[in-house]
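Shown next, in structure tokens, is the structure this report addresses.
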Amino acid sequence: MPASDSTTPLLEPPAEPSTDETLGLQVLEIQVGARWWRLPLGEVLSVARQVPLVGVPDAVDEVLGLANVRGTLVTVLDFERIVTGSVIPRDVTMEAASIVLLSRWDGRVALAVDRCGQVLPHDADDVVDVPAIVMPWLATGNEEHEVGR
């Protein structure tokens, strides 16, 4: 097996999350803390609620833990930490209120959120660029990242 350098992503996303044009015109509202965000619906594979997580020793703070979702091991990223930089103390074993499984990684990567809201028409500029916030945390190595801060 070839050795990987510190910039090789662990998971490569496909070029486009969805070819269905109607999905690209809708967004899923998600809430983290007091703020609401919007994810392009084409980036969302599914949503799971009250998912038990297991911490990963020595992982970066942005990796909240691992979850078993319908038999698939999912890396759960701390969306709040990524976009705000805030640190929330947590136990090694915990539970996420909701996780949004991302379609680009076939549901093997998810964002932890406080809750999911409605699916709305895409009519705003404040839609989250999912690849831009997720890809830096899927790279190997211990690089410093400043995405969303």
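Values quoted throughout were computed directly from the atomic coordinates according to the rules given, and no laboratory measurement underlies them. All values derive from a computational prediction rather than experimental measurement. We place every Cβ from the backbone using ideal geometry, glycine too, and count neighbours over all the protein chains shown.
The length gained by stretching the chain between Asp114 and Arg70 to full extension, at 0.36 nm per residue less their Cα-Cα distance, is 13.8 nm. Ordering Asp61, Asp78, Asp126 from the fewest to the most neighbouring beta carbons within 10 Å gives Asp126, Asp61, Asp78.
Of the residues Ser98, Ser86, Ser103, the one with the fewest other Cβ atoms within 10 Å heads the list, and the complete ranking is Ser86, Ser98, Ser103.
Under 5 Å between amide hydrogens, built in the peptide plane, is the criterion, and for Ser46 it picks out Leu101 among residues at least 5 positions away or on other chains.
Please order Val74, Val119 by the number of other Cβ within 10 Å, starting at the fewest.
Details: Val74 22, Val119 12.
Ranking Val74, Val119 by Cβ neighbours within 10 Å, fewest first, gives Val119, Val74.
Other residues within the sphere of radius under 13 Å centred on the Cβ of Gly107, judged by their own Cβ, net out at +1 (K and R +1, D and E -1).
Taken along the Cα-to-beta-carbon direction at a fixed 7 Å, the label points for Val60 and Val87 span 1.5 nm. Size of segment 23-138 from its Cα atoms: along the principal axes, largest to smallest, the extents are 40, 30, 25 Å.
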